[in-house]
Structures are given as structure tokens and as C-alpha cells.
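What follows is a set of notes on a single structure, which appears directly below.
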Amino acid sequence: MRLEAKFVTSAFGPEGYPHWERGEIALAGRSNVGKSSLLNALAASQSLARTSRTPGRTRALNFFSVGDDLAIVDLPGYGFAKMARAEAARIASMMNGYLVRREHLAALVVLIDARRGPQREELDLAAFAAERSIPLIAVATKCDKLRRSERAAATARFKPLGVEPILCSTLDGEGIDELRRRIVGCARAGTRRPALEADDMAADPSRDDA
Ligand SMILES: Nc1nc2c(ncn2[C@@H]2O[C@H](COP(=O)(O)OP(=O)(O)OP(=O)(O)O)[C@@H](O)[C@H]2O)c(=O)[nH]1
Ligand SMILES: [Mg+2]
């Protein structure tokens, strides 16, 4: 199975989001964790999304259509220490604004470096997804960098997140088929949820999904 993905548009805020009924799968994670590379791997394309050795490559929300009723959104990465404070704040509000407003979010994929495990930001994202009943998929990235003997410990680091990670590598293709299946499954099951105000996420995500 291949995901037939096409770049559609970049957005810096809600006015730029596409108007469509597609279920969207958002890829979120720290800068340089491998979001754009993972999208390319899912689509079996080298060049669909721009990747870079330098953190902070993706600075907008990039929307990709997949087949007839699915879309993937490549989010800009957070937590890049060298980014100017104002730019980092702009990116955080762009990502949070998207997550709270988007009604047809079918799943949130949180990417976490396998060697690092979840930190505060990822635990916050997981709590937010749980509050909103957004299906959460955790991906441990760059697993090709783990020695065989390190894999169990890497998986154990993900415990606090509350979901088992899919161990992935875009270099050797590990986990990509499984992730693709999970994404398609979430998209099929997708439900709409009403938008929140943008700052509800950082503050106290209210349960309006009951
Ligand atoms: N070893 C290894 N390197 C990877 C893997 N996936 C991505 N990388 C490398 O990690 C770096 C960052 O990848 P990107 O896909 O651009 O990361 P990103 O999360 O989109 O980064 P931002 O757009 O800055 O948020 C690049 O040098 C990639 O080649 C992987 O599975 N294994
Ligand atoms: Mg990127």
C-alpha cells in the first residue's frame, strides 16, 4: 500500500487552512525529530516534503492531500533552542491554534526521538489529545540509531505517554507499513469535533467532546 500524497498548500493561520471534508492526520514533534522525512517515507517519495539536517526547516503548516478523503499535515517543529524567541512563539501558536481549531482532525501523530523519549511537550500533547478524544499515535523515530540491546529500554521510556510507540526508521523502512495502516484506520474511523478557542489548549482544555 502506498499513500498517494500531493502538496496542496502552506498556511500560517486558520485563514490559510484548506476547506475540505478530508480527515486530517497531523504530524507533530520537536524540530529535527523527522516529521517531514516520515511523511516522505509514508508517501514513498524522496522530495514531497522538504527535510533538512538543520532544525527549524518547516516554518508553516503544510497540507498534503492523500487519495480521495485523507490529508496529512506536516507541522512546524517546536523546541528548537536556537530559534529566536518571537519565532518560536509564533510557531507554537500556529501549531496549538491548528490543533484546537481543526474539526476534522482524525489523529495526532506525535514523533519522538527513540533515544530521547517523551518530554514535557509530548506529554502535554498526549494529555491534550486524550481530553479531546483525538486518537494519538506515538512514533519513536530514527530507530536505526538504536543498538539491538537498546530497543527495550527505548520502548520503556515511552511508558509515561500511555500509548505504545511504533518504532520507525525512514532509513531502513522499519515501522512505516504499520504506521500507514494505523493512519488509514484512524481516517476511516474519523469523527468531527467542535473547534475550541486557540488558547484553551495551553490553559485548561475543556471537555466539550462529550
Ligand atoms: N538516522 C536517521 N535520520 C533521520 C531519520 N528521519 C529523519 N532523519 C534525519 O533527521 C533530520 C531532520 O529530518 P526532518 O524530516 O527534516 O525533520 P523535521 O521534524 O521535519 O524538522 P523541522 O521541519 O525542523 O521541524 C534530517 O537530517 C533527516 O535526514 C531516520 O529515520 N533515521
Ligand atoms: Mg519538517
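The values are calculated or read from the model by the stated rules, or taken from the named source; none is laboratory data. Computed from a predicted model, the values in this text were never measured in an experiment. Please note that ligands, DNA and RNA were not included when accessible areas were found on the heavy atoms of the full protein model with its side chains. Shrake-Rupley method; radii C 1.70, N 1.55, O 1.52, S 1.80 Å.
A few points about this structure:
- GNM result for the chain, Cα springs below 10 Å: residue of Y98, Y78, Y17 fluctuating most strongly: Y17
- Hull shadow area, averaged, the chain [alpha-carbon convex hull, nm²]: 11.0
- The range 151-190: C-alpha gyration tensor shape, a/c 1.5 cut-off, then a/b vs b/c: oblate
- For the chain, built as a Gaussian network whose Cα springs stay under 10 Å, the top-fluctuating residue of D144, D113, D172: D172
- Its residue count N sets the reference 2.2 N^0.38 Å, and the alpha-carbon radius of gyration of the range 1-114 equals 1.00 times that reference.
- Solvent-accessible area per residue, Å², over the chain with all protein chains present [probe radius 1.4 Å]: 50
- According to the Cα-based calculation, Rg over Rh for the range 19-86 is 1.00, with Rh computed by the Kirkwood formula.
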